[in-house]
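Working notes, structure below.
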Amino acid sequence: MGLIKKLVVGFFLLLVIGAVAVFGTQYYYLHAYNKVPVELKTETVSGDVFYLSHVLEPGKYYIKASSEGSVEKITILDEKDNVLTESETDSMIYGSSKPFRVRVDYKAPLNVDSYKVSVGIYRLEKK
């Protein structure tokens, strides 16, 4: 029983360390770097929609999406529209040495004809 208990405790300890590392990294990038706006867009839309950015230069970027409905996911695509990574949150930090595009999928709120969506893409530059 002692070995199983140590394995379970070790597993949960690794999960906690991983979560702290992820949030610590995000905190570092948001406070040690300047956010230079690349694309800022707000629109009133109806139905489920998506936003697709132009091709962005290599570098580190902070992507923030918001909606009166919900943000389904943020997808990073290469120049040929192949999926590189996805995030089911409303913000993410992404860095690449190759050009890429950002796609944000929005879900409409129930029983609403139109609603506002917005997206901000910021290049992170060292302070």
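The values are calculated or read from the model by the stated rules, or taken from the named source; none is laboratory data. Worth saying up front: this structure is predicted, and the values here are computed from it rather than measured. Neighbour counts run over all protein chains shown; Cβ positions are idealised from the backbone, glycine included. Accessible surface areas use protein heavy atoms only, side chains included; no ligands, DNA or RNA. Shrake-Rupley method; radii C 1.70, N 1.55, O 1.52, S 1.80 Å.
What do you reckon, how do Ser53, Ser66 stack up by accessible area (1.4 Å probe), largest on top? Let's see the in-between values first.
Working: Ser53 5, Ser66 55 Å².
From most accessible down to least: Ser66, Ser53.
The stretch 1-108: percent of C-alpha pairs farther apart than 20 Å? Show your work: numbers first, answer last.
Working: 3079 of 5778 pairs.
Distances greater than 20 Å cover 53 percent of the Cα pairs.
Ignoring ligands, DNA and RNA, what percent of the accessible area of the chain is carbon or sulfur (1.4 Å)? Spell out each step's value before the answer.
Working: 4910 of 8450 Å².
Carbon plus sulfur share of accessible area: 58 percent.
If contacts are Cα pairs under 8 angstrom and at least 6 residues apart, what is the relative contact order of the chain in percent? Before the final figure, lay out the partial values.
Numbers: 247 pairs, mean separation 47.3, N = 127.
37 percent.
Can you give me the solvent accessible area of His31 with a 1.4 Å probe, rounded to the nearest 10 Å²?
For His31, the solvent-accessible surface is approximately 100 Å².
What accessible area, in Å² to the nearest ten, does a 1.4 Å probe give for Lys64?
Its heavy atoms expose roughly 80 Å² to the probe.
Give me the net charge of Tyr122's neighbourhood, meaning all other residues with Cβ under 12 Å from the Cβ of Tyr122; Lys, Arg count +1, Asp, Glu -1. Mind showing how you got there, number by number?
Values: positive: Lys35, Lys60, Lys64, Arg123; negative: Glu39, Glu125.
Neighbourhood net charge equals +2.
Considering only Ile4, Leu84, Val38, whose Cα is most displaced toward the positive end of the charge dipole of the stretch 1-118, charges sitting on Cβ of Lys, Arg (+1) and Asp, Glu (-1)?
My answer, from the dipole projection, is Ile4.
Tell me, what is the per residue accessible area of the stretch 1-60 in Å², probe radius 1.4 Å? Walk me through the numbers before you get to the answer.
Numbers: 4700 Å² over 60 residues.
Normalised by residue count, the accessible surface of the stretch 1-60 is 78 Å².
Using a 1.4 Å probe, what is the accessible area per residue for the stretch 73-118, in Å²? Intermediate results must be reported in sequence, preceding the final value.
Values: 2740 Å² over 46 residues.
That works out to 59 Å² for each residue.
Can you tally the lysine pairs in the chain where the Cα-Cα distance is under 16 Å and the two residues are eight or more apart, or on different chains?
So the count of such lysine pairs works out to 15.
Provide the solvent-accessible area of Arg101, counting protein heavy atoms only and rolling a 1.4 Å probe, rounded to the nearest 10 Å².
50
Can you give the net charge of the other residues whose Cβ lies under 13 Å from the Cβ of Leu40, counting K and R as +1 and D and E as -1? Before the final figure, lay out each step's value.
Details: positive: Lys35, Lys41, Lys64, Arg123; negative: Glu39, Glu43.
Once positives and negatives cancel, what remains is +2.
Divide by every residue of the chain the summed helix terms, -39500 (n - 2.57) for each DSSP H run of at least 4, and state the resulting mean residue ellipticity at 222 nm, rounded to the nearest 500 deg cm²/dmol.
Roughly -9000 deg cm²/dmol at 222 nm, from the helical runs in the chain.
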